[in-house]
Amino acid sequence: MDDERLRAVVQLPEGNWWDWDVVAWDGGQFRLAAGHDLSYYHDLELVFRDPFIVSCPSGFYDPAFRAPSPDELQQLARQLGEEPPVVVAFEADAGGQDPVSCLIAAERLDIVQETVLRYWRDDAAPGQRFHPWVRPPAR
């Protein structure tokens, strides 16, 4: 990735992306989900492949994405030995008095827009999927 991409602000598709939470985090991916209310479903996922550094709360609201600062990029380069291909920075409401500053560095970022249900529905529409923790009710 070129230097401009590294410093670019994340461009989200049109939508109401107010409510955010972490839905997966393992060695190969860090996945954030977003929607207007995460009680029943989410419509957007930011999938960070091969994350190097993640600094954000498990749930937050109304993030303001921004370009990473030169100091943040230098610190990452010192910690990792080089500048990572993807660096995403944002400020968000985590429930405290002041916004929290968040930083994620990864090998790749995929933005996935689709409905992911967080509860069981027998009549789920095509193009909807269930979150991995959702199971059909016992009969």
Residue by residue through segment 41-58, which ³J(HN,Hα) values in whole Hz follow from phi under the Karplus form 6.51 cos²θ - 1.76 cosθ + 1.60 (θ = phi - 60°), with glycine and proline marked x? 6, 9, 10, 9, 9, 9, 10, 8, 8, 6, x, 9, 9, 10, 9, 6, x, 6
Relative to the first principal axis of the alpha-carbon coordinates of the chain, what is the inclination of helix 70-80, with its axis defined by its Cα atoms, in degrees from 0 to 90 and to the nearest 10? 80 degrees
Place the peptides 39-45, 21-27 in order of packing, highest mean first, counting for every residue the other Cβ atoms within 10 Å and averaging per peptide. 39-45, 21-27
Sort the following peptides by mean Cβ neighbour count (other Cβ atoms within 10 Å, averaged over residues), highest first: 52-61, 94-103. 52-61, 94-103
Largest first and in whole Å, what are the equivalent-ellipsoid semi-axes of segment 32-94 based on the Cα gyration tensor, each being the root of 5 times an eigenvalue? 26, 13, 9
Bin by bin, in steps of 10 Å, what percent of the Cα pairs in segment 77-136 do you find, going until the bin that has the longest distance? 16, 25, 29, 24, 5, 0
Considering only protein heavy atoms, what per residue accessible area in square angstrom results for segment 13-104 with a 1.4 angstrom probe? 50 Å²
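The values are calculated or read from the model by the stated rules, or taken from the named source; none is laboratory data. In this text, all values refer to a predicted model and were calculated from it rather than measured experimentally. Cβ coordinates were reconstructed from backbone atoms using ideal geometry, including for glycine residues, and neighbour counts include every protein chain displayed. Ligands, DNA and RNA are stripped out before the accessible areas are found, and what is left, the full protein with its side chains, is counted by its heavy atoms. Shrake-Rupley method; radii C 1.70, N 1.55, O 1.52, S 1.80 Å.
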